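The values are calculated or read from the model by the stated rules, or taken from the named source; none is laboratory data. What you are looking at is a predicted structure, and each value in this text was computed from that prediction instead of being measured. Cβ: placed from backbone, ideal geometry, glycine included. Neighbour counts: every protein chain shown.
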Amino acid sequence: MSYVPAIVIHGGAGTILKSLLTPEKEQAYLSALQEAVKAGYSELTEGHHALDAVIAAVVSLEDCPLFNAGRGSVFNHHGKQEMDASVMRGDTGMAGAVAAVKNIRNPVLAARAVMEKTPHILLTSSGAEEFARMAGLQFEPDEFFFDEYRYRQWQQLKDTQQTALDHSDKKFGTVGAVAIDINGNLAAATSTGGMTNKQFGRIGDTPLIGAGTYASNKTCAVSCTGDGEYFIRALAAYDVSCLMEYKNLSLEEACRTVIHDKLKPAGGEGGLIALDRNSTPVMVFNTPGMYRAYMKEGKTSAIIHEGV
Ligand code: ASP
């Protein structure tokens with residue numbers, strides 16, 4: 001059986017309207033998405049595992065300050081940038097994640113290290129940081145992660161108890177990738193700074209396997225973005241897989257059911273990207289837009305605003 005390698009990425013869902021972007025900003029986002037999707041796709045064309053592809057794409061997005069993950073993450077109530085990330089492979093069902101970590105340059109690499117070097121799945125805060133140091137991962141000072149725009153977003157909220165999705169401020173956030181390699185293996189990865197002014201120690205859906213990230217070769221690979229608390233209660237990523245496995249829904253039907261029929265009526269805004277072994281990219285959201293791109297058979301497509 002031969003499979004068509006493909007990768008889909010997102011840079012967060014939200015109020016992303018063409019009318020709110022200058023042509024320069026739009027171009028900057030499009031270029032960043034293209035760069036990330038190509039970084040992932042080249043792993044696939046070199047015959048590497050889908051896991052390598054999702055990691056390469058997410059590292060590229062974490063390193064780009066335009067997105068709320070890694071460098072450029074949002075600020076929490078204490079004015080700190082605490083990040084969450086996870087990864088899962090569809091062939092072995094192995095997964096790894098880190099939550100509420102600071103100063104790790106690429107939290108998704110720490111998530112992978114948890115999966116590959118420990119018997120555990122999720123490490124948090126100082127324990128995860130200590131582990132990442134021992135695993136030889138790169139650390140950066142606070143200034144590396146600082147972003148003036150994010151800081152101003154936080155300044156507006158810091159004296160309140162409110163939290164805000166990064167993208168409810170017309171910006172976007174969390175990043176993620178799903179991929180299928182030439183051997184038909186699926187993988188998913190997601191990384192975020194969470195929500196502006198979130199409580200110190202708050203953990204969202206991103207590092208929770210089954211909520212923000214899921215992959216199984218039996219069904220699909222999924223990466224979510226949106227109101228984390230809703231995605232956790234809905235077990236959104238795993239629900240897509242379950243609808244395929246137990247109800248025989250197509251990937252597209254399963255994604256639409258979760259995003260439009262379950263999350264939306266409950267008040268959960270956001271979207272997800274997904275792939276099954278047919279390599280058909282699915283990108284669904286119930287917000288005005290979602291930063292997204294895919295690459296398949298050498299062709300890329302990056303879209304950053306209106307859609308479905
Ligand atoms: N899902 C993320 C969280 O709740 C936020 C986002 O998608 O931007 O932490």
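Kindly indicate whether VAL74 is buried (at least 24 other Cβ atoms within 10 Å of the Cβ), at pLDDT 95 or above and closer than 23 Å to THR206 by Cα.
So VAL74 does not fit the description; no.
With modelled with pLDDT of 95 or more, within 16 Å of the ligand (Cβ to nearest atom) and either farther than 20 Å from ALA177 by Cβ or part of a helix (DSSP H, G or I) (or both) as the only criterion, which of ASP261, ASP239 stands out?
ASP239
May I ask you to list the residues in region 193-235 that are of a type in the set (Val, Ile, Thr) and within 12 Å of the ligand (Cβ to nearest atom)?
Correct list: THR196, ILE203, THR206, THR213, THR225, ILE232.
In region 1-108, which strands (runs of 3 or more DSSP E) lie fully inside it and hold 1 or more residues that are farther than 23 Å from ALA135 by Cβ?
Where strands (runs of 3 or more DSSP E) fall fully within region 1-108 and carry at least 1 residues being farther than 23 Å from ALA135 by Cβ, they are 6-14.
Pick out the one residue from GLY72, GLY40 that is within 15 Å of the ligand (Cβ to nearest atom), small (Gly, Ala, Ser) and under 21 Å from GLY212 (Cβ atoms).
It is GLY72.
What pairs come up if the first residue lies in region 19-38 and is on the phi > 0 side of the Ramachandran plot, the second is modelled with pLDDT of 90 or more and part of a helix (DSSP H, G or I), and their beta carbons are under 9 Å apart, counting only those six or more places apart or on different chains?
none
So which of LEU33, LEU44, LEU51, LEU109 is buried (at least 20 other Cβ atoms within 10 Å of the Cβ) and over 16 Å from the mean Cα position of the chain (by Cα)?
LEU44
Kindly list, by first and then second residue, each pair from a residue in region 151-163 that is in a loop (DSSP other than H, G, I, E, B) to a residue that is hydroxyl-bearing (Ser, Thr, Tyr) and modelled with pLDDT of 70 or more, limited to pairs with Cβ atoms under 8 Å and residues at least 6 apart or on different chains.
Short answer, once both residue conditions are applied: THR163/THR196.
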